[in-house]
Structures are given as C-alpha cells and as structure tokens.
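A short reminder: the numbers here are calculations on the coordinates, not readings from a lab. This one's a predicted model, so the numbers in the text were calculated from it and none came from an experiment. Cβ placement follows ideal geometry from the backbone for every residue including glycine, while neighbour counts extend to all protein chains displayed.
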Amino acid sequence: MAGYFEEMGWAELEDGQQPNHLLDMARFLIDFGLYEDNFTGEWPRLPPPASKEAVQSLADVTVETDDKSCPICLKKFNIGDKAKEMPCHHQFHAKCILTWLDKTNSCPFCRHELPTDNEGYEAFKKEKKRAEQRKEDIETLHNSMFS
Amino acid sequence: MANIAAKRIKREFKEVMKSEEVAGGTIKLELINDSWTELQGEIVGPPDTPYEGGTFLLEIKVPETYPFNPPKIRFMTKIWHPNVSSVTGAICLDILKDQWAAALTLRTVLLSIQALLSAAEPNDPQDAVVAKQYREDIELFNLTARHWTNAYAGGPTAIWEFNQKVQVLLDMGVEEDQARVALSTFDWELERATEHLFS
Ligand SMILES: [Zn+2]
Ligand SMILES: [Zn+2]
C-alpha cells in the first residue's frame, strides 16, 4: 500500500488525522480532466420549437391594464383582452406567441426557455447545465482552498 | 408583405421617431419604399472609438416573416471592423442570426450594432483579415479603422501617411477601394500591397 501512496506522491493519513476532502475532490477533478472546461459548445442554430405540452399548458389570462403592448406585434392591449402568459409572466396575443413558439422555445422578451420535444437539444441543455455546475463547483472549491 | 410585418414596422417606426436616440442624433431610420420592406438606418460612431465622428449607413431589409425572423442588415458605408466584411458590409452579430428574438426591434438592433462598434468580438469574426490585425496589432488596427472612417464615413481624422500610400497606388492606376483594402490587409506595407495587386 505504501508503495502506491508514494508513487502517487501522497502520504498515508496519520492516526487521528482527518482526510482533506477538498484536496481529494480537487485531485479527482484534475485526474479526470474535469478541471478544464471541455464543454464550450453553443447550439449552432435557433433552438427548436417549444414542446406541444408546454404550449398547451400556457396560461390563458385576461389583461388588466392598458399600459402594456404585446412584445411581438407591438399592438397595445386593452383592459379585458385575452392573452397567453408564459411562465416568466410575459403576456402575448395567442396568435403571436404560438407562431413564435412553433419556431423556437424561448420567451421573445426575456429568453426564458420552455421544454422542447427535441431529444438532441434537451441532451445539449443538460450537458451545458452540468458544465456550468462543474465550473461553479471548481470555483467554490478553489475559493475555499486558496482564500 | 404579410400584414403583421407591415403593421409592426409602422409601429416601430413611430417608436424610433419618438426615441431619445433619434432626438440626440445617434441613430436614424428612413423609409426606402412604400411597402415598408426596405429601410435605411444610420448610426454615428461611438465616442472613444476609431469610428468617432463618422456616420454609417445601413441597408435594412424586412422579411415577410418579420418579426418571427430577423431583418437583414448590412453596412452600406465601408468600415474596418472585425465583425463586418470590409468588402460586402455583411455583419456578424448573434441577434441577427440564431439569437434573434421577436421582441427585438429595429431600434434595439441599431443600438446593438452601434455597441458592436465599441466592443468588437474578434473571436467571432466576419472578416478574418481585419480580426487578425485587431488581435495582433491593435494600434495599427485603430489607425486603419480611423482612416476608413475618414475616407468613407466623414470622420474627422485624416492620416497623412496612409493617404499618401493610397495616392501612390492610385497613380499606378489601381482603383481606390481596392488600393485601400490591399494596403490595410498588408499592414500598410506598400511593397507587399503592390505585389499582391499586380501578381
Ligand atoms: Zn401580438
Ligand atoms: Zn419572458
């Protein structure tokens, strides 16, 4: 066993010594090549349409003010107009937002993303999220080790 | 033209005309035809950039599917910038491509193009030659961009040495734009530019 530790440049824990989990974690990340942010991919084109389910479950609302307009056609809403509301609470004419979501999956105003029916894109999004999480983990780790 | 596109452009046009940028003279928008499919934009070069003091014209074509698809925009005024083709004026800007969103307007797009003049993205170039100069010799890039602003956009700063070199090529019978592109491409080395033009 000692041979293995020596070879790796590590020292066995003394009696009563606690393992340094942060250091182990850092070694693990470096050994497995996760320290570099390998995932720099951008989705090369407009993301796919919103999923049928997400579109069907958009809330129908009645507009309560007359100082807003639909961000797509820019026409002013009147009090009492029917509108569709995205999860980010932005409101649009049904026809306007449905046409847009049939093209791509995000709010045209704030880019809040709805799920899609495109497996490739969903896998891409997951990998991107994982890469971001990893980067965050490494930064947290780095800060806790070197600050 | 589809109804929604024309109606929206009309609403946008009103919005732009009321905007503080138009009032302040930093952007302009003009109609080119009655069907609202073609417009001409104008932006002034941002302060503290080589484009300062220049006025840049943009060709704007509105597709039938607007605002679900982005407007097609290119520089009509020649400009030396990593994200604009020095030959065609084509612009490499994400919101004009895969980052377009239907809530963006001609006003926000013109402001984004103006912002691009303040903050180039040399890693996502439209013109590889310009981007290379930007990365490798920013001082020469700034002088070249300032010279182009003077030559094409009415900018105030003439660069005597560059004008002289352009004149040398003109005297040899080279067309002016070609002379300027060749000299700019070869870092204003007259010999290399000449060799390139006559080979
Ligand atoms: Zn609408
Ligand atoms: Zn939104």
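The alpha carbon gyration tensor of the protein assembly as shown gives principal lengths a ≥ b ≥ c with a/c of 1.5 or higher and a/b no greater than b/c, which makes the shape oblate. Which of the chymotrypsin sites (Phe, Trp or Tyr not before Pro) found in the range B:49-126 are in a DSSP loop and have at most 14 neighbouring Cβ atoms, other than their own, within 10 Å? Answer in residue order: no site qualifies.
Just flag the GluC sites (Glu not before Pro) in the range B:149-185 sitting in loop per DSSP whose Cβ has no more than 13 other Cβ atoms within 10 Å. Walk me through the intermediate numbers first.
Numbers: sites: B:Glu161, B:Glu175, B:Glu176; in loops: B:Glu175.
Here the GluC sites (Glu not before Pro) that fit, given the DSSP loop and packing criteria, are B:Glu175.
For the range B:47-199, taking Cα atoms only, Rg and Dmax work out to 16.5, 52 Å respectively.
To make sure I understand, if each residue's beta carbon is the centre and we count other beta carbons within 10 Å, what order do A:Cys110, A:Cys70 fall in, fewest to most?
If I rank by nearby Cβ atoms, fewest first, I get A:Cys110, A:Cys70.
Please report how many Lys pairs in chain B have alpha carbons closer than 24 angstrom, counting only residues at least 8 apart along the chain or sitting on separate chains. Taking the Cα cut-off of 24 Å, the pair count is 29.
Output the relative contact order of chain B, whole-number percent, from Cα pairs under 8 angstrom with separation of 6+ residues.
Details: 319 pairs, mean separation 32.8, N = 199.
This gives 17 percent for chain B.
The label point for B:Trp160 and the one for B:Asp94, both projected 7 Å from the Cα toward the Cβ, are 4.5 nm apart.
Given 4 °C and 1.567 mPa s, how large is the Stokes-Einstein diffusion coefficient of the range B:139-199 in µm²/s, with Rh as the Kirkwood radius over Cα pairs? Write out the running numbers ahead of the final one.
Numbers: Rh = 11.5 Å.
Taking Rh from Cα pairs, D becomes 113 µm²/s.
Are there GluC sites (Glu not before Pro) in the range B:1-101 that DSSP puts in a loop and that have at most 14 other Cβ atoms within 10 Å, and which ones?
Details: sites: B:Glu12, B:Glu15, B:Glu20, B:Glu21, B:Glu30, B:Glu38, B:Glu42, B:Glu52, B:Glu59, B:Glu64; in loops: B:Glu64.
Listed in order of number, the matching sites are B:Glu64.
Quick check: from the Cα gyration tensor, does the range A:45-116 come out rounded (a/c under 1.5), prolate or oblate? Taking the square roots of the gyration eigenvalues as a ≥ b ≥ c, the range A:45-116 is prolate.
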